[in-house]
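Presented below is the structure to which this report refers.
The values are calculated or read from the model by the stated rules, or taken from the named source; none is laboratory data. Keep in mind that what you see is a predicted model, and the values were worked out from it rather than measured. All Cβ positions, even for glycine, are placed from backbone atoms using ideal geometry, and neighbour counts span all protein chains on display.
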Amino acid sequence: MRVGRSVPGAVLTVVVALCAATAHAQFAFEKGDRVALVGNALPDRAQHDGWLEAYLQTANPGKDLVFRTLAFSGDEVARRPREEGYPSPDEMLTLMKANVIFAFFGYNESFYHDPEAFKRDLRNFIDETAKKNYDGKNAPRVVLFSPIAHENLNSPNFPDGVENNLWLSIYTDAMARVAAEKSVTFVDLYAPTRALYSAIEDPLTINGVHLNDRGNRELAKVIVEGLGQKINEDSIDMVRTAVLDKNWCWFNRYHATDGNDVWGNRSILKFVDDQTNAEVLQHELVMLDAMSASRDVAIWSAIGGKCIKPDDSNVPKPLLVKTNIAPDGKTGSTAYVPPSEGVNTFKLAKGLRANLFASEEQFPELVNPVQMDVDTKGRIWVAAWETYPKWQPDHEMHDRLLILPDEDRDGVADKAITFAYVHNPTGFTFWNGGVIVVSAPNIWFLKDTDGDDVADVRELMFTGLDSADTHHSANNFDYGADGYIYYQRGIFNVSNVETPWGPAHLHSSKSGMYRFNPRSHRFSFHAVNEPNPHGGDFDYWGYHFATDATSGRAFQVRMDGDGKFKMHELLTKTVRPVPSSGILSTTQFPDEFNGNFIILNSIGFLGIKRYTLENKDGNFWGTEAEDLLVSSDPNFRPSDFRVGDDGALYVSDWQNAIIGHMQHNIRDPSRDHLHGRVYRITAEGRPLLDSVRVDGEPIEALLDLLKHPMNGIRLRARTELSERDTNEVITAVAKWIQQFDVGAEKDAHHLLEALWLHQQHNVLNEGLLTVALNSPHPDARRAAERVKYIWEIEGRIGAQKSAAMDHMAHRHDASADTASYLEQEKSPDPKMEGDTMVVHIQTLKEQMRYDRKAFAVGPGMKVKIVFSNPDAMDHNMIFVQPGSGSQVALAAMMLGADGIKKNWTPQIDKIFAASKMLSMGGKETIEFTAPKELGQYEYICTYPGHYQLMNGIMHVVEDPQKWMNENKDVLNTPGRKFVQEWKIANLINDVSPMGTSWSPERGEKIFKEASCTVCHLQNEKGGRVGPDLTDGTKPMDAAAILTELLDPSKVINEKYKTWHLSVDTGDILEDGDVYGIIVEENADYVRVLTNPLQDLEGKKILYGHIKERTPAPLSTMPTGLLNSYTREEILDLIAYLQSIRVTKN
């Protein structure tokens, strides 16, 4: 039995008071109750062990209870930040028809030391909940659960919990008092867990505050008894198994991964047949609802001792999605190069050769490899992400960690071993005898304890990372020499990570690099890197490097003071996007390769760039060298690399026709789920390296491996040492360093490794730090400064020792972080300067669009385009002849790897003006003389995959100023400040029925400001692109008007549908594509308005000349038109539109 610390007097007083307050806590479940568990990481984590629901179900047989966890790590009673578009708490409670709410709050709030504010928030929560009827019948019954106590693990790696427990007890008391005041059920978890920690010898938490599996089981029993019910162990294991099966389905519904495509700003992207990501993925949520419900039945059956298979016959089938990759290959190729021929597509740097190490032909489970690593046995591992971008409910979940041993060392994998199935495994690394792997929003620790290479330990280490964009979730795990694991992740994700160290939830949507310490569970934002970073590595001296995938920029990460770090430009970038990068360190390659920084690129240039690094007083600059690898295979997508045990360079190949996540539906059937390769590159004429024994070696032998020149060998030695007893390691290090001369440069790195080992094992050694700070080698001194900096951040030395400054205590507002990146100035309006029309056009951040969709010039007029790119992606601007945009875009795509050098501008006579390819922050002026012929001249971005979204029209007209004055609504994006991405669900309750407080008079002003009359008739005045808004012959209530405004393409009036006609007259001057509204059609011809805003006569096209005609996927009315208007303004506008509708004879 462990001896617990004595309870401080203040805590003891509170505990006594609580015993009196909670002695008679009773709660009776009713048949069919639907229970929502809301709150912080306590219930969020508990669902992965399943004990709580299992015990509550067995305690209530025959009551058919339904439990759904609606908790998020980091949640507070008054603050529950979510990613963009995520349903509100009320919407989720309504969805599940909750009539009972179990509320777990207080842990995160306790760090603010303001119990009175907590009481106010609790009262408000209870009062507001009492007004709801989520089940459509009655207000839900609420049960408040206190925070658990902080367990003292008697470990130097974690806080002892004395101060935390003082405040946790105070907040427990505050909750008890509010519960008594409001007459709601209250269950004290603080006092019982504190007693459990003393009564049970084994730890019940992993870090003092987050329960392990045993802890969750014991807490479940506490809760059952706290509700006045009896514990029932009958069939508990069978019930728990059924609960975990249901929880997997529900977790993927409530914590839906890739949420930005489910309900965020990419959910509204439309593809074939107007189908959006939202339609497809939100339908999958309905499937998961049905699957969860069928598993409820299996749980109820298991309570009675009967195990049944869930009946999923009523689960809706997934929606059919059509590919937008054309059969002619013009928009991409699904013809895959056979694995055996892959190396034939490579052009390698001089002296290198390649062979296929593993492929889907040998191992069908090797699909979409996203990250690699080498274990302490020298074996290659890959994270295979078959379900990318997320699991589909009607499929098996086959994402996994694979081991690819090469036991005969012939350069080809002998077999593939599935270590563990892990959903969305975007990053992993080895530590403490196991594997740390991200499966956003969670980070798991997996371990094999019986030697069969299959994980049998699965412990939840962190949760709350978010997964709004799985494409850019936490990735590329790097185990740093300082003991932290570093990863990067992109925009749209919102972190809410709890730790035992302080107000741990970041509420952060900051794009960039993060770090966490697996030994101490410290977690922190590290450095800004926008918008969607991937890749990172450390060199021999611990200098840190990183890249951003979207922009392709590369950085050195340096200390920036006040506990912060900052990215500094490393090289002149030439390619993008970059899924991985790092330092090449192998003596199997010639010296000129060693220490190179290499960049893997997956669009356009398909291969590996290489840079030599120059170190000037600790500040690095990279100079481009000969490309290491270039492939002509259009589906070669290098995703990661590692140096293997034999010294060869191993490169994983995602191998997919579709790489973008904006240009295609998330469920586009052409997204590949069958291919994946690993290639092996060696230097010709140089021997392979002998295997280095690491796994199981004595500590003394492992310390000697820290002298090895190759980064990977030293990393494997550190990894092996991470699982050894800390006292034994530190004792051995003290003996090992006796052989070195502190005044000799040749020993400087060995002493630095000794200092780093102290960091890795969380042991302070200020004497060794002083030695390193005074090292004769400047790089060792700089590395020691970083050690000192981290220890100061952790509050272990220096001025911050008592304050214990930890960066993860800094709270960040998610919406503010995102807004700061997305903010940009509006472009000036086009205007004449002398005899020249000057037009400013910029890209819109994270939208893959120009801010100006159209402008006008006169025939033969001088034109000056000021083009700027604030977006992280590379973009250009190409002006082309009418109707030739798709042809030019296709020609650009066919440039392949040469596209980079040619700015993705093909040699084709359809182009009459072009910019260079601009990186983030780039600006260029394009000057030309406008064509003399009147017409619509497209301007497009020709970077592969961008044309579909990135285009606009230069109208050559007789009076350009008049045209722009009359067509202001199509010129550019709204100048108003962005309010939010409005969805029908946000406003439908306000119009069902429509209230009487909204003002038609105010709505008329909105109507005029939004330029609705440009396209719509109103009392016989206005445009004819859309229906007459005053026509009341067809009834349309407020809800229908709302739908038309926010989802105009849901139902497109046949009279106003835009068509694409492919015309073949036999005259090359007349042939091509025609877009417009068909206003007349007979047996001989169709009449098309190609510019209905100016020309109501249109163009007649003979029937025999039309090869094909296709309706446009979108309404001419733009979506997002009201995103810059407030809720009140939109409701005023609807009131106005209702008021002007009149019945016509």
| remark: Checked Ser919, Ser884, Ser915 against criteria (surrounded by 22 or more Cβ atoms within 10 Å (Cβ to Cβ) and not assigned by TED's automatic domain parsing to the domain that holds Pro579); the one match is Ser915
| With respect to Asn252, is the statement that it is modelled with pLDDT under 95 and either closer than 20 Å to Leu285 by Cα or not assigned by TED's automatic domain parsing to the domain that holds Thr193 (or both) true? | no
| field | Any chance Val297 is assigned to a helix (DSSP H, G or I) and either aliphatic (A, V, I, L, M) or more than 23 Å from the chain's Cα centre (by Cα) (or both) | value | yes
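Here's the yes/no breakdown for (1) under 30 Å from the mean Cα position of the chain (by Cα); (2) modelled with pLDDT of 85 or more; (3) exposed (fewer than 14 other Cβ atoms within 10 Å of the Cβ):
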| residue | (1), (2), (3) |
| --- | --- |
| Thr818 | yes, no, no |
| Tyr821 | yes, no, no |
| Glu833 | no, yes, yes |
| Met837 | no, yes, no |
| His840 | no, yes, no |
| Lys845 | yes, no, no |
| Val857 | no, yes, no |
| Met861 | no, yes, no |
| Asn869 | yes, yes, no |
| Residue pairs meeting the criteria (Cβ under 7 Å; at least 6 apart or on separate chains; first within 20 Å of Leu211 (Cβ to Cβ), in the range 55-81; second basic (Lys, Arg)) | Tyr55/Lys221; Ala59/Lys230; Phe72/Arg80
| said: Among the residues in the range 114-132, are any within 23 Å of Lys246 (Cβ to Cβ) and in contact with a helix residue (DSSP H, G or I) (Cβ under 6 Å, 6 or more places away or on another chain)? | reply: no
| remark: Checked the range 1075-1098 for anything modelled with pLDDT of 65 or more and either of a type in the set (Lys, Arg) or surrounded by fewer than 18 Cβ atoms within 10 Å (Cβ to Cβ) (or both); matches are Val1079, Glu1080, Glu1081, Asn1082, Ala1083, Asp1084, Tyr1085, Arg1087, Leu1096, Glu1097
| query | Can you pull out the residues in the range 431-457 that are within 23 Å of the chain's Cα centre (by Cα) and assigned to a strand (DSSP E or B)? | reply | Val435, Ile436, Val437, Val438, Ser439, Asn442, Ile443, Trp444, Phe445, Leu446
| Has the range 494-504 got at least one residue that is out of contact with any Gly (no Cβ under 9 Å at 6 or more places or on another chain), buried (at least 24 other Cβ atoms within 10 Å of the Cβ) and either without any contact (Cβ under 8 Å) to a residue 60 or more places away in the chain or under 30 Å from Ile713 (Cβ atoms) (or both)? | no
| Which one is nearest to Val286 (Cα to Cα), of the residues in the range 255-264 that are crowded, with 23+ Cβ neighbours inside 10 Å and either touching a Gly at 6+ places or on another chain (Cβ under 9 Å) or among the acidic types (Asp, Glu) (or both)? | Val262
| Which one of the conditions (1) surrounded by fewer than 23 Cβ atoms within 10 Å (Cβ to Cβ); (2) over 29 Å from the mean Cα position of the chain (by Cα) does Met662 fail to meet, given that it meets all the rest? | (2)
| remark: Note: among His673, His661, just one is assigned by TED's automatic domain parsing to the domain that holds Ala413 and in contact with a helix residue (DSSP H, G or I) (Cβ under 9 Å, 6 or more places away or on another chain), namely His661
| field | Selection from the range 474-487 of residues that are touching a residue at least 60 places away in the same chain (Cβ under 8 Å) and either of a type in the set (S, T, N, Q) or closer than 27 Å to Asn265 by Cβ (or both) | value | Asn475, Asn476, Tyr487
| note | Apart from one, (1) touching a Lys or Arg at 6+ places or on another chain (Cβ under 8 Å); (2) of a type in the set (Ser, Thr, Tyr); (3) closer than 27 Å to Gln847 by Cα all hold for Thr572; the odd one out is (1)
| field | Residue ID - surrounded by the most Cβ atoms within 10 Å (Cβ to Cβ), chosen from residues in the range 382-402 that are touching a strand residue (DSSP E or B) at 6+ places or on another chain (Cβ under 8 Å) and either free of Cβ contacts under 8 Å to residues at least 40 places away in the same chain or within 17 Å of Arg458 (Cβ to Cβ) (or both) | value | Ala383
| task | May I ask you to verify whether Lys862 is touching a Gly at 6+ places or on another chain (Cβ under 9 Å) and farther than 14 Å from Glu938 by Cβ? | result | yes
| request: Kindly indicate whether Ile583 is buried (at least 22 other Cβ atoms within 10 Å of the Cβ) and at negative phi. | output: no
